[in-house]
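For reference, the structure discussed in these notes is given below.
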Amino acid sequence: LAAMAVMLDYGVTVCEPRDEYLEGWRAMEGVTLSRTMPDDLVLAMTLDTHSAVVALTHDPKLDDLALMEALHTPAFYVGALGSKRNNEARRERLLQFDVSREASARLRGPVGLRLGGRTPPEIAVAIVAEMTAVRCGIDLKAPLADWAASGAACRALV
């Protein structure tokens, strides 16, 4: 996901505070690695309407903290990996931690356009496609068939 986002000109910060997950980490050009706890990083980044947050760890202790803080920001996109059932449970947990029902409704999860992908690269494509559509103001409830309007909307926003 980070590599694809960089190719699309997103500024990318990967947050990984767990030592055991950094063994295979390879630095990527255009990607900043933060070892900070996710909620602290979200607060420190002072996210704005040009910001997106995607939680990918499957660890509620990490993902929920970042999402809780991100949903209090004007970030244009806040999403989390996981099944529909897991995301519904996540939304219920967030309500217990000073996240309003309106804010929790902003959470995109399961994250990504429904493209049928199963592999990590396919899932990454779905996520970055959804982020880009949201950034461009595309109504994802409508069919994505009007390509001319989609392109014009995105060019106007970027």
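The values are calculated or read from the model by the stated rules, or taken from the named source; none is laboratory data. Quick caveat, the model's predicted, so the values are computed rather than measured. Cβ coordinates were reconstructed from backbone atoms using ideal geometry, including for glycine residues, and neighbour counts include every protein chain displayed. Calculation scope for accessible area: heavy atoms of the full protein, side chains included, ligands and nucleic acids excluded. Shrake-Rupley method; radii C 1.70, N 1.55, O 1.52, S 1.80 Å.
How many residues does the stretch 97-107 hold that are open to solvent by 50 Å² or more (accessible area, probe 1.4 Å) and in contact with a helix residue (DSSP H, G or I) (Cβ under 7 Å, 6 or more places away or on another chain)?
Selection size over the stretch 97-107: 2.
Consider residue 108 carefully, then state whether it is at pLDDT 95 or above and among the basic types (Lys, Arg).
On the way: at pLDDT 95 or above: yes; among the basic types (Lys, Arg): yes.
Yes: the conditions hold for residue 108.
Confirm whether residue 132 is touching a residue at least 12 places away in the same chain (Cβ under 8 Å), among the β-branched types (Val, Ile, Thr) and closer than 18 Å to residue 4 by Cβ.
Considered against the rule, which asks whether it is touching a residue at least 12 places away in the same chain (Cβ under 8 Å), among the β-branched types (Val, Ile, Thr) and closer than 18 Å to residue 4 by Cβ, residue 132 comes out as yes.
Please go through the stretch 1-10 and give me each residue that is assigned to a loop (DSSP other than H, G, I, E, B) and among the aliphatic types (A, V, I, L, M), ordered by number. Can you show your working first?
We begin by selecting, within the stretch 1-10, every residue assigned to a loop (DSSP other than H, G, I, E, B); these are 1, 8-10.
Selection gives 1, 8.
For a quick check of your reading of the model, give me the residue pairs whose first member lies in the stretch 81-110 and is more than 22 Å from residue 130 (Cα to Cα), whose second is open to solvent by 90 Å² or more (accessible area, probe 1.4 Å), with beta-carbon atoms closer than 8 Å and at least 6 apart or on different chains.
Pairs found: 95/101; 99/72.
Where residues in the stretch 47-70 are under 11 Å from the mean Cα position of the chain (by Cα) and of a type outside the set (Gly, Ala, Ser), which of them is nearest to residue 105 (Cα to Cα)?
First pass over the stretch 47-70, keeping only residues under 11 Å from the mean Cα position of the chain (by Cα): 51-56, 63, 66-67, 70.
This time we only want the ones that are of a type outside the set (Gly, Ala, Ser), so: 53-54, 56, 63, 67.
Details: 53: 15, 54: 15, 56: 18, 63: 16, 67: 12 Å.
Step by step, filter the stretch 47-70, then rank; the result is 67.
Restricting attention to the stretch 108-127, and to residues there that are touching a strand residue (DSSP E or B) at 6+ places or on another chain (Cβ under 9 Å) and not in a loop (DSSP other than H, G, I, E, B), which single residue is surrounded by the fewest Cβ atoms within 10 Å (Cβ to Cβ)?
Selected residue: 108.
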